[in-house]
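To start, the structure under review is shown below, and the notes come after it.
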């Protein structure tokens, strides 16, 4: 039976998140899908230029109606980020009430990244209209506050913890992107009885079904041609504090020979300026290059031409429980992964046998891991990459995962 579904997410197309594929796939299966979201400004904190020029083009995606709540932009400061969180939560909740008086939704599906307050519309619609509320959890609050390095007193932290517990307990089903989340939610005394493991999938843009677009591939080949004799290590994604670039750069600095490698950073984020300063401070301008943000269509090509893909997270309890979607995307490329990470992500990389990991923040171990990359045989590198690709096909296929979700809404 086809349903009318309201997806509540602070981030949506043209921002690049898996919720875009989720909404599209559910719509293509015949469900009526609306999306309540914000203004596209992630991760830079500025409104996307194309949205500024032609905003009317961004209120429909495929067959999906998009409702955009007004809010404060992310900006560059922690204060503006905090105001962004609160303003979206308030404005989207009001918008949701207005929408639901006109449209009868069978389900509200909240996509919970940071902040947890962004899914409050789902809680409110459940209370006011008795609309079933499903919540897909991509990180745990209030634990994730620790990764922002925003200093708050213990009473405010406890208050946010109580709100988080009530939001989680309000859901009829909690979909978990990491198996480690369930234990933490039990520790928080969350009352929801229905936990379902629903990992992030490999995005369609990352799956190579044939030859690459020639122009895009030529663009990437031209970039890599600058370092024909060097090993290329590549990081792609958000440039934030959580990724612990300070340890990454110190680890690269501590390798045996700086003339054998380059480290390419693809992406953007609030921490980018700090990363550029650290590159200069560590005298790594000839080795580390921030290439900026590229459309997702470029990513599998960059991954193919890199020798190793880099992944790291800060040494915090929350990140030991988290399996970021970057791991699945990296795996699908057939290129080995090098991680400076603890817990769930390290466990999955080890289970897939698709690369190597060292503990979060262990700079010396990371330097040694990079040194060892020059001793690995070509056959071993190829096998690690193939292991990752096969594991991702088996465990992280988008249609299988959305089939699982759909079983709970029909």
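The values are calculated or read from the model by the stated rules, or taken from the named source; none is laboratory data. From a predicted model like this one, the values you see are computed outputs, not experimental measurements. Positions of Cβ are generated from backbone atoms using ideal geometry, with glycine treated the same way; all protein chains shown enter the neighbour counts.
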Subject >> Residues satisfying the stated conditions in region 349-386, i.e. buried (at least 16 other Cβ atoms within 10 Å of the Cβ), in contact with a helix residue (DSSP H, G or I) (Cβ under 6 Å, 6 or more places away or on another chain) and either over 20 Å from residue 251 (Cα atoms) or in contact (Cβ under 8 Å) with a residue 24 or more places away in the chain (or both) >> reply: 352, 354, 355, 361, 363, 366, 367
**OP:** Provide a single number: the residues in region 41-54 that are assigned to a loop (DSSP other than H, G, I, E, B) and either more than 17 Å from residue 112 (Cα to Cα) or outside the structural domain of residue 112 (by TED's automatic domain parsing) (or both).
**Re:** 7
**OP:** Might you check whether a residue that is assigned to a helix (DSSP H, G or I) and surrounded by fewer than 21 Cβ atoms within 10 Å (Cβ to Cβ) occurs anywhere in region 103-123?
**Re:** no
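Yes/no matrix, rows are residues, columns are (1) over 25 Å from residue 361 (Cα atoms); (2) modelled with pLDDT of 90 or more:
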{"position": "189", "(1), (2)": "yes, yes"}
{"position": "230", "(1), (2)": "yes, yes"}
{"position": "238", "(1), (2)": "no, no"}
{"position": "241", "(1), (2)": "no, no"}
{"position": "251", "(1), (2)": "no, yes"}
{"position": "265", "(1), (2)": "no, yes"}
**OP:** Would you check if there is a residue in region 151-168 being surrounded by fewer than 16 Cβ atoms within 10 Å (Cβ to Cβ), assigned to a helix (DSSP H, G or I) and modelled with pLDDT of 95 or more?
**Re:** yes
Original post:
Does residue 175 satisfy being within 22 Å of residue 315 (Cβ to Cβ) and either modelled with pLDDT of 90 or more or not assigned by TED's automatic domain parsing to the domain that holds residue 121 (or both)?
Top reply: no
Subject >> Among (1) part of a strand (DSSP E or B); (2) in contact with a helix residue (DSSP H, G or I) (Cβ under 8 Å, 6 or more places away or on another chain); (3) surrounded by fewer than 17 Cβ atoms within 10 Å (Cβ to Cβ), the one test that residue 6 misses >> reply: (3)
**OP:** Please indicate, with yes or no, whether at least one residue in region 131-138 is free of Cβ contacts under 8 Å to residues at least 24 places away in the same chain and either closer than 19 Å to residue 40 by Cβ or in the same structural domain as residue 47 (by TED's automatic domain parsing) (or both).
**Re:** no
**OP:** Test residue 57 against the criterion of being under 24 Å from residue 328 (Cβ atoms) and in a helix (DSSP H, G or I), and give yes or no.
**Re:** no
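Per-residue answers, yes or no, for (1) modelled with pLDDT of 95 or more; (2) within 24 Å of residue 159 (Cβ to Cβ):
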position	(1), (2)
47	no, no
82	no, yes
99	no, no
109	yes, no
120	yes, yes
144	no, yes
**OP:** State whether one or more residues within region 313-320 are buried (at least 22 other Cβ atoms within 10 Å of the Cβ) and in contact with a strand residue (DSSP E or B) (Cβ under 9 Å, 6 or more places away or on another chain).
**Re:** yes
Original post:
Any idea which of 15, 25 is under 23 Å from residue 171 (Cα atoms), in the same structural domain as residue 84 (by TED's automatic domain parsing) and touching a residue at least 12 places away in the same chain (Cβ under 8 Å)?
Top reply: 25
Original post:
Are any residues in region 36-53 over 19 Å from residue 86 (Cα atoms) and either touching a strand residue (DSSP E or B) at 6+ places or on another chain (Cβ under 7 Å) or free of Cβ contacts under 8 Å to residues at least 12 places away in the same chain (or both), and if so, which ones?
Top reply: 49, 52, 53
